[in-house]
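The values are calculated or read from the model by the stated rules, or taken from the named source; none is laboratory data. Worth saying up front: this structure is predicted, and the values here are computed from it rather than measured. With ideal geometry, Cβ positions are generated from the backbone for all residues, glycine too; neighbour counts draw on all protein chains shown.
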Amino acid sequence: MLKRKFGKTNLEVTPIGLGTWVFGGWPWNEINEKECEAALETAIGAGINLIDTAPIYGFGRSEEIVGRTLRRLKVREKIVLATKQGFSWDDGKKRNVRKDCSKKAVFREIDESLKRLQTDWIDIYQIHWPDENTPIGETMEAMLKLKDQGKIKVIGVCNYNAEQMKECLKYAPLESSQPPYNYFQRDIEKEILPFCIEHKFGTLTYGTLCKGLLTGKFGIDKKPNDPVRQQTWDPIFETKRYEECLAEIEKLKKQAAEENLTVGQWVIRWAINQPGVTCALVGARNPKQVKENTTI
């Protein structure tokens, strides 16, 4: 798999990256950890070199799976590892999840992630969501210190708009952005992708398969039932919008078939060829899904 230069950085990444949100289980349906490890191993075997995770994915579970698998395979030096900062939670059944991008949280979370991932550095360290209660300058100055310490190589953000990224640049050399993007959800084409192109950011777009909707495996009478794929979480699963998407997917299936692809493979190829997209993250919970996603 040919690699692409990641913005202005020294990193080179594959156009498809493995997203590991589902590895955490919650808030998706329960997963099999051995299957997740096998999915990661299959992805690496297929040539994928960018792995994206986050502490909030299963409250550390995803990072732990990624960390022990990379250690077992002895491939850490070959992998561009991306993780995130920005959520705190309590132990126990009621987690009380909350945004926290304070300087104190940044310094605490990096060490926790390094331990779970069994590594000495993070290649792309990203603020997961903007924290309205913490000045952007405070967060970025903390991230810059982590870079100076050698704990991270690239400072990134997720889910930030253009104005917020512009503010970040006042305090630190921001070089990476991770926004949502897929065939159905293209809002970032208006301002975010043009901003990233202008500033030569590397981009990791997520939601490439629209939480599995763009695989074509769902239908009117076969709607997913986990919390992530309900209209209260994502409005695309509201009944009318969902039915409109299903109708569009039927058209895409015909177009994909003409190119000897599944609809999922077609939309992945579509995503990685859009202007401003460096790497499209695609999730998978088992080797079979990885093999299909990387055969494009």
Of the conditions (1) small (G, A, S); (2) out of contact with any Phe, Trp or Tyr (no Cβ under 9 Å at 6 or more places or on another chain); (3) more than 19 Å from V13 (Cβ to Cβ); (4) in a loop (DSSP other than H, G, I, E, B), G67 clears all except one; give me its number.
(4)
Criterion (modelled with pLDDT under 95 and either in a helix (DSSP H, G or I) or in contact with a Gly (Cβ under 9 Å, 6 or more places away or on another chain) (or both)) met by exactly one of I48, I44, I31:
I31
If you scan segment 267-296, which residues turn out to be crowded, with 19+ Cβ neighbours inside 10 Å and free of Cβ contacts under 8 Å to residues at least 24 places away in the same chain?
none
Within segment 1-37, take every residue that is surrounded by 18 or more Cβ atoms within 10 Å (Cβ to Cβ) and among the aliphatic types (A, V, I, L, M) and give me the one that is nearest to L174 (Cα to Cα).
L11
Picked from segment 37-46 (must be out of contact with any strand residue (DSSP E or B) (no Cβ under 9 Å at 6 or more places or on another chain) and of a type outside the set (S, T, N, Q)), the residue farthest from P287 (Cα to Cα) is G45
Hey, could you check segment 6-21 for residues that are out of contact with any Asp or Glu (no Cβ under 8 Å at 6 or more places or on another chain) and outside any loop (DSSP other than H, G, I, E, B) and say which is farthest from P55 (Cα to Cα)?
E12
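Could you say whether any residue in segment 91-102 is surrounded by fewer than 21 Cβ atoms within 10 Å (Cβ to Cβ), of a type in the set (A, V, I, L, M) and more than 21 Å from the chain's Cα centre (by Cα)? Write out each step before concluding.
Let us first name the residues in segment 91-102 that are surrounded by fewer than 21 Cβ atoms within 10 Å (Cβ to Cβ), namely 91-100, 102.
From what's left, of a type in the set (A, V, I, L, M): 97.
From what's left, more than 21 Å from the chain's Cα centre (by Cα): none.
No: zero hits.
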I'd like to verify a number: residues in segment 177-189 that are among the hydroxyl-bearing types (S, T, Y) and surrounded by fewer than 24 Cβ atoms within 10 Å (Cβ to Cβ), how many?
1
Restricting segment 103-146 to residues that are under 17 Å from M165 (Cβ atoms) and surrounded by fewer than 18 Cβ atoms within 10 Å (Cβ to Cβ), the residue that is nearest to the chain's Cα centre (by Cα):
W129
Would you mind finding the one in K200, K190 that is over 22 Å from G137 (Cβ atoms), of a type in the set (D, E, K, R) and touching a strand residue (DSSP E or B) at 6+ places or on another chain (Cβ under 9 Å)?
K200
Considering residues that are surrounded by 14 or more Cβ atoms within 10 Å (Cβ to Cβ) and either free of Cβ contacts under 8 Å to residues at least 12 places away in the same chain or not β-branched (V, I, T) (or both), the number found within segment 190-206 is 9
